[in-house]
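S.K.: What follows is a structure written as structure tokens; I'll ask about it next.
Every number in this text was worked out from the coordinates using simple rules, so none of it is lab data. In this text the structure is predicted, and so the values were computed from the model without any measurement. Because the Cβ atoms are built from the backbone with ideal geometry, glycine has one as well, and the counts that use them run over all protein chains shown.
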Amino acid sequence: MNSAPLELLRRGEFLCPACGARQAWSDTCRRCRCNLDLFHRTAAARLETWQRCLRRLTAGDAAAALVAAEQGYALAPTHEAARLLAMCRLVNRDFSGALALHPRANSSPEPEGDAPATAPRYTY
């Protein structure tokens, strides 16, 4: 895996997927001491698929962009990922598929804060 996306991720803050603590990018949660290696790898993979999708859209390869958007949404089904996937489905003329994502794509951003979440929240 390319290390460039991981370096981009290391610059920001995120919320621990186990306890919800806001913290700087690190290998261990400051609050619950959770090992965050898998989280880091997943976040890096998500960023790589996002970038690949945008590069494919720019190059005019709508089918490859759709594949990358679907992979990104599978890794983290955030409202941003739903919007990108819906747009890729529209570009590929899958109107019903894009419409099916409307509720998720139009939802407000994931909640922030130190409270534990029922699902991981991503802040990059």
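S.K.: I need the shape label for the range 46-103. Rule: rounded when a/c is under 1.5, else prolate if a/b > b/c, else oblate, with a, b, c from the alpha carbon gyration tensor.
M.R.: On the way: a/c = 2.22, a/b = 1.10, b/c = 2.01.
In terms of gyration-tensor shape, oblate.
S.K.: Let me ask another. Mind listing the long-range amide H neighbours of C34? Cut-off is under 5 Å, sequence gap 5 or more, other chains count too, H placed in the peptide plane at 1.01 Å from N.
M.R.: Answer set, sorted by chain and number: C29.
S.K.: Still on this model: Give, in nm to one decimal, the length gained when the segment between R31 and L54 is fully stretched (0.36 nm per residue of separation minus the Cα-Cα distance).
M.R.: Details: separation 23, 0.36 × 23 = 8.28 nm, distance 3.53 nm.
Separation in residues times 0.36 nm, less the Cα-Cα distance, equals 4.7 nm.
S.K.: Do you know the relative contact order of the range 4-105, to the nearest whole percent, from alpha carbon pairs under 8 angstrom that are 6+ apart?
M.R.: Rounded, it is 17 percent for the range 4-105.
S.K.: Please go through the range 24-64 and write out the trypsin sites (Lys or Arg not before Pro) that DSSP classes as loop and that have at most 11 other C-beta atoms within 10 Å.
M.R.: Working: sites: R30, R31, R33, R41, R46, R52, R55, R56; in loops: R30, R31, R33.
Those that pass, being in a loop and sparsely packed, are R33.
S.K.: Points 7 angstrom from Cα along the Cβ direction at F95 and A64: gap in nanometres?
M.R.: Calculated label separation equals 2.9 nm.
S.K.: Sticking with this one: Rounded to whole Hz and in sequence order, give me ³J(HN,Hα) for the range 20-31 from the Karplus expression 6.51 cos²θ - 1.76 cosθ + 1.60, θ = phi - 60°, writing x for Gly and Pro.
M.R.: x, 5, 7, 7, 6, 4, 8, 7, 9, 5, 5, 8
S.K.: From Cα coordinates alone, what are the radius of gyration and Dmax values for the range 4-105 in angstrom?
M.R.: 15.4, 46
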